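The values are calculated or read from the model by the stated rules, or taken from the named source; none is laboratory data. The shown structure was predicted, so the numbers you read here are calculated from the model rather than taken from an experiment. FYI the Cβ positions are ideal-geometry reconstructions off the backbone, even for glycines, and counts take in every protein chain you see. When the accessible area is computed, the model is the full protein with side chains, heavy atoms only, and any ligands, DNA or RNA have been set aside. Shrake-Rupley method; radii C 1.70, N 1.55, O 1.52, S 1.80 Å.
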Amino acid sequence: MKSPLLSLPGAVPAEGVDEGVAAHYGDLFREQRALADGTGFVDLSHRGVVTVTGEDRLSWLHLLLTQHVSELPVGEATEALILSAHGHIEHALYLVDDGTTVWAHVEPGTQHELIAYLESMKFFYRVEVADRTDDFALVHLPAGSIAEVPEGVVVRETAYGRDLFLPRADLESYAEKAGPAAGILAYEALRVEHHRPRVGFETDHRTIPHELGWIGVAVHLQKGCYRGQETVARVQNLGKPPRRLVFLHLDGSDVHLPVHGTELRRADEGPDGRRIGFITTSVRHHELGPIALALVKRNVPVDAPLVAGNTAAAQETVVEP
């Protein structure tokens, strides 16, 4: 779905999974600084929007999600995962309940698969699941923003800012009032700075929640059964995850950033060293320079210097070994 805001001056379209919105509007670092200062907005209208209505919506979702949502207060934002039977991450949902409806935004294009799964689990529960992506566009206001929120718009407020489920027909008119616009690259740079994982970037087909620090954030350890809970409980009580998320400071002298999937090696093992992980997201930050998130094997020493392809990288711990 192509955003009408791609017609704004300087807009450069994003590629890959974020296709449909702007990568930037001509000045990546200015856009980052604006978001960091609490001004402007980000067009995330390519993300999927799913709603669940009905009087059983919270108790039903509680059975399916990794998060405790059976008594989710009205207006309180939360995150939740859907896992495979083996405990691998399939979906991440960013939720809020407005008193009659649970609103969630998910990764672009994944709402169809998510809804198919939810529909298969309805049974006798009084719930209705709907894809509202055609009707509502997600807009992000950064933390500290004083931008006005139109009356009646559902808001998901977090420490990182506010997510607005804005009627898609109002997107252009709202952009005129909420500017300046910042692209998805600026949003991603701040996401990496804050060590926040993203499905499809920090995850692969075998990622479990412990590896990314999602325990406590999107996984509640004291709730009832859900698909994949056995793996979560076993790792929590009896072992350690095989990999861990790290934050990397990259060598700023390199022109090109290492792309997603670039192999990581220990610098002291030379160019023929063992593969010990891979880059998940790399960005250029307005203050920190080139930085990245990566998954490495759990037993890699936390102070070991690394190499991403040919780029030197120094790690900071996100998930403890």
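The residue among 302, 6, 262 whose Cα reaches farthest toward the positive pole of the charge dipole of the chain, with charges on the beta-carbon of Lys, Arg, Asp and Glu, is 302. Considering only 125, 238, 178, the residue lying farthest towards the positive end of the dipole of the stretch 118-277 is 238, judged by Cα position with unit charges set on Cβ. For the stretch 28-140, the average shadow cast by the Cα convex hull is 8.3 nm², which is a quarter of the hull's surface. The order of 275, 243 by accessible area, most exposed first and with a 1.4 Å probe, is 275, 243. A simple packing score, the average count of other Cβ atoms within 10 Å per residue, orders the peptides 203-211, 51-59, 151-159 as 203-211, 51-59, 151-159, with the highest score first. A DSSP coil position with no more than 15 other Cβ atoms inside 10 Å describes the following GluC sites (Glu not before Pro) in the stretch 230-293: 287.
Over the residues of the chain, the helix contribution to mean residue ellipticity at 222 nm works out to -5000 deg cm²/dmol, using -39500 (n - 2.57) for each DSSP H run of at least 4.
On a straight-distance basis, which aspartates and glutamates could pair with residue 177 in a cross-link, Cα separation under 14 angstrom, same-chain partners fewer than 8 positions away excluded? Qualifying aspartates and glutamates at Cα under 14 Å: 43, 148. Each Cα pair under 8 Å and six or more residues apart adds its sequence gap; the mean of these over the residue count of the stretch 72-222 is a relative contact order of 24 percent. Taking a straight Cα-Cα cut-off under 23 Å and skipping sequence neighbours fewer than 8 places away in the same chain, the lysines within cross-link reach of residue 223 are 122, 240. With the cut-off at 1.5 for a/c, could you classify the stretch 152-234 from its C-alpha gyration tensor as rounded, prolate or oblate? The shape class here is prolate.
When you filter the chymotrypsin sites (Phe, Trp or Tyr not before Pro) in the stretch 53-139 for DSSP loop state and at most 13 other Cβ atoms inside 10 Å of their Cβ, you are left with 123, 124. Put a plus charge on the Cβ of each Lys and Arg, a minus charge on the Cβ of each Asp and Glu, and nothing anywhere else: the dipole of the stretch 16-157 about its Cα centre is then about 200 debye.
Full extension of the segment from residue 194 to residue 153, taken as 0.36 nm per residue of separation minus the current Cα-Cα distance, would add 12.1 nm.
Starting from the Cα gyration tensor of the stretch 102-184, take the square roots of the eigenvalues, sort them a ≥ b ≥ c, and report rounded, prolate or oblate (rounded when a/c is under 1.5, otherwise prolate if a/b is larger than b/c, else oblate). Prolate, since a/c reaches 1.5 and a/b exceeds b/c. If I ignore ligands, DNA and RNA and count only protein heavy atoms, how much of residue 64 is accessible to a 1.4 Å probe, in Å² to the nearest 10? It works out to around 10 Å².
Simple point charges give the picture: +1 on the Cβ of Lys and Arg, -1 on the Cβ of Asp and Glu, and for the chain a dipole about the Cα centre of about 980 debye. Length gained on full extension, residue 122 to residue 53, computed as 0.36 nm times the residue gap minus the Cα-Cα distance: 23.6 nm. Computed about its Cα centre, the charge dipole of the stretch 187-313 is approximately 660 debye, with only Lys, Arg, Asp and Glu carrying charge at their Cβ. Once the Cα-Cα distance is subtracted from the 0.36 nm per residue extended length, the residue 263 to residue 12 segment shows a gain of 87.5 nm.
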